[in-house]
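The values are calculated or read from the model by the stated rules, or taken from the named source; none is laboratory data. Worth saying up front: this structure is predicted, and the values here are computed from it rather than measured. Every residue, glycine among them, receives a Cβ derived from its backbone with ideal geometry; neighbour counts consider all protein chains shown.
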Amino acid sequence: MKVLQLRTEKCVQCKECMSACSKAWFKEDSPALSRITVENKATYPNINVCNQCGACIEVCPTQALERDANGVVQVRKDKCTSCLMCVGFCPSASMRFNGTKQTEPFKCISCGICAKACPTGALELLTTPESK
Amino acid sequence: MDMKEMKLLSEWSYEPAKIHRGYARETLYVGLGNKDGNYKFEKRPVSDDMIEKFTGGRGFGLKLLWDAVTEKTKWDDPENELVIAGGPFCGITQYPGTGKSYTVFLSPATKQTYNSNAGGYFGPFLKFSGFDALEIQGKADRPVVVFIDGDNYKVQIFESTLEDNNAYYISEELHDYFAKDEQDKRTISVISTGMAAKTSYIVGLNFSFYDVRRKAVRLKQAGRGGGGTVLSDKNVVAIVVKRTKFTGAENDPVDIEAIMKAGVSLHKRIHDHDNEQCKMRSVGTAHLTEIMDDYELLPVNNYKFGSHKDINNISSDEYAKLFSQGMADGCWYGCSLACARL
């Protein structure tokens, strides 16, 4: 399974990851459109991104959420009815939505663009042994 | 599927209205004649005044019924109508409860105007097909199926070939009949009633949807007032609607972002607290049993008492052991309360 490994102790809160993510997927540099977020929690960084646990798959009423060949949870927009239940039911609050761009939710798909943009190695795209 | 092909009796095509701010601003009238096979179809406009005064599903139903009948009309007269209407929120996918639509009719049970609502997909699909309401008037000369094809913008009346009057049988067969394949079954909703409607004044209406997880047709009820008896009296076996495509903003709301935020906020609270509070997702309205017992509201011994010492035998915990299948049973999209059971 492809998943982002977080090394929070290395994070300097530069938010280059958020910028790279939103530019890659929405062609716009906006924190509100990033699938990964970095927040300052009492001076410590708090990185929030999907860990591909798949709890959302069980919640979706149209089976629009499914794992791809890499074990990454994907939103199939052709099946999605924009009910956003996956957003409210995500255990780590990592499913995103933004009504200015689209009604369907969006999430980290382990593309690794943020990891490449990270100057300190706080993010790494790993392939874990579990295939599902 | 073992249903024979149905003969087309009448057909009508229409230009669909586009939904703006929750209203299509058109309603559909289907006349079945007076046992003479004289079918009639009409689009009727919805005025600003009608929206201002009557607002939503129940109001539209009352207005259309009022216009259709006189003070002398009886429930089994041909001019009695079965009106089905969703309000401006009907079909919104982002938060719970928006699959509901209202049925309004002169009731065989009370001989008065009656309304009863149901979930399922019929109301949203009717709206997405371009209609704020559906009026069915008259009586067919033979058992018919009314089909609103919201994909091809046609209304068709078929002679029913259904061999059984059971609501589950009717719904399952018609989902099969009008769907191209398994995936397509969720684009259909069927309104039907059961065989008891032939002999009783109190029989309800069933509104269907296709559950993709269970791979089964599920029924929700507009159970009060005898709407099923009215449908049966009109010789209508079923009303079917089909609508494949719709977006998350099909109702064209003023502020979709606000709706999305409100929806997510509700979903989050239901996710966090439902299992401790109402248990709607795990046991549905069965959780009321304990609450009604605690508050002395159960009709024990015909309301002589309000609670019972053996309540634990019928509590929601017992219910969950016997019936719950370990998954939430949704209804219309976005209803994270998912109170439908069985």
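Miscellaneous remarks
- Failed item, numbered, when residue A:62 is tested on (1) out of contact with any strand residue (DSSP E or B) (no Cβ under 6 Å at 6 or more places or on another chain); (2) polar (S, T, N, Q); (3) surrounded by 13 or more Cβ atoms within 10 Å (Cβ to Cβ); (4) farther than 28 Å from residue B:274 by Cα: (4)
Matching residues to (1) β-branched (Val, Ile, Thr); (2) assigned by TED's automatic domain parsing to the domain that holds residue B:15; (3) in contact with a helix residue (DSSP H, G or I) (Cβ under 8 Å, 6 or more places away or on another chain); (4) within 14 Å of residue B:244 (Cβ to Cβ):
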position	(1), (2), (3), (4)
B:131	no, yes, no, no
B:137	no, yes, yes, no
B:141	no, yes, no, no
B:149	no, yes, no, yes
B:158	no, yes, no, no
B:175	no, yes, yes, yes
B:197	no, yes, yes, no
B:203	yes, yes, yes, no
B:211	no, yes, no, no
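- Any hit, the range B:240-256, residues being farther than 25 Å from residue B:163 by Cβ and in contact with a His (Cβ under 7 Å, 6 or more places away or on another chain): yes
- Given (1) in a strand (DSSP E or B); (2) buried (at least 22 other Cβ atoms within 10 Å of the Cβ); (3) touching a residue at least 60 places away in the same chain (Cβ under 8 Å); (4) within 14 Å of the chain's Cα centre (by Cα), number of the condition residue B:127 does not satisfy: (1)
- Yes/no for residue B:64 being more than 29 Å from residue B:340 (Cα to Cα), assigned by TED's automatic domain parsing to the domain that holds residue B:230, surrounded by 22 or more Cβ atoms within 10 Å (Cβ to Cβ) and not hydroxyl-bearing (Ser, Thr, Tyr): yes
- First in the range B:184-199 and of a type in the set (D, E, K, R), second anywhere and surrounded by 21 or more Cβ atoms within 10 Å (Cβ to Cβ), Cβ under 7 Å, 6 or more apart: B:185/B:175; B:185/B:210; B:186/B:210; B:198/B:232
- Scanning the range A:45-62 for residues that are at pLDDT 95 or above and more than 18 Å from residue A:97 (Cβ to Cβ) gives A:45, A:46, A:47, A:51, A:52, A:53, A:54.
- Evaluation of residue B:106 against the conditions (1) under 21 Å from residue B:243 (Cβ atoms); (2) touching a residue at least 60 places away in the same chain (Cβ under 8 Å) shows that the sole unmet condition is (1).
- Filter pass, residue A:129 being exposed (fewer than 13 other Cβ atoms within 10 Å of the Cβ) and either within 11 Å of chain B (Cβ to nearest Cβ) or modelled with pLDDT of 95 or more (or both): no
- Matching residues in the range B:40-63 - criterion: being in contact with a strand residue (DSSP E or B) (Cβ under 9 Å, 6 or more places away or on another chain), among the β-branched types (Val, Ile, Thr) and free of Cβ contacts under 8 Å to residues at least 60 places away in the same chain: B:51
- Residue ID - surrounded by the fewest Cβ atoms within 10 Å (Cβ to Cβ), chosen from residues in the range A:22-59 that are among the hydrophobic types (A, V, I, L, M, F, W, C) and farther than 25 Å from residue B:268 by Cα: A:24
- Single match in B:330, B:284, B:326 (criterion: touching a strand residue (DSSP E or B) at 6+ places or on another chain (Cβ under 6 Å) and within 27 Å of residue A:56 (Cβ to Cβ)): B:284
- For the range B:249-268, taking the residues that are in contact (Cβ under 8 Å) with a residue 40 or more places away in the chain and closer than 14 Å to residue B:20 by Cβ, the one that is farthest from the chain's Cα centre (by Cα) is identified as B:254.
- When the range B:32-58 is filtered for residues that are assigned to a strand (DSSP E or B) and acidic (Asp, Glu), only B:42 remains.
- Looking only at the range A:114-132, residues that are assigned to a helix (DSSP H, G or I), closer than 13 Å to residue A:5 by Cα and aliphatic (A, V, I, L, M) come to 1 in all.
- Just one of the listed residues (B:198, B:245, B:185, B:215) is within 28 Å of residue B:112 (Cβ to Cβ) and charged (D, E, K, R), namely B:198.
- Selection within the range B:14-61 - within 21 Å of residue B:140 (Cα to Cα) and of a type in the set (A, V, I, L, M, F, W, C): B:28, B:30, B:32, B:41
- Screening B:152, B:166 for residues that are of a type in the set (S, T, N, Q), at pLDDT below 95 and out of contact with any strand residue (DSSP E or B) (no Cβ under 6 Å at 6 or more places or on another chain) leaves exactly one candidate, B:166.
- Just one of (1) on the phi > 0 side of the Ramachandran plot; (2) free of Cβ contacts under 8 Å to residues at least 24 places away in the same chain fails for residue B:226. It is (2).
- Residue in the range B:297-314 that is part of a helix (DSSP H, G or I), surrounded by fewer than 19 Cβ atoms within 10 Å (Cβ to Cβ) and in contact (Cβ under 8 Å) with a residue 24 or more places away in the chain present: yes
- Candidate set: the range B:270-291, residues that are under 15 Å from residue B:331 (Cβ atoms) and in a helix (DSSP H, G or I); chosen: the one nearest to the other protein chains (Cβ to nearest Cβ): B:270
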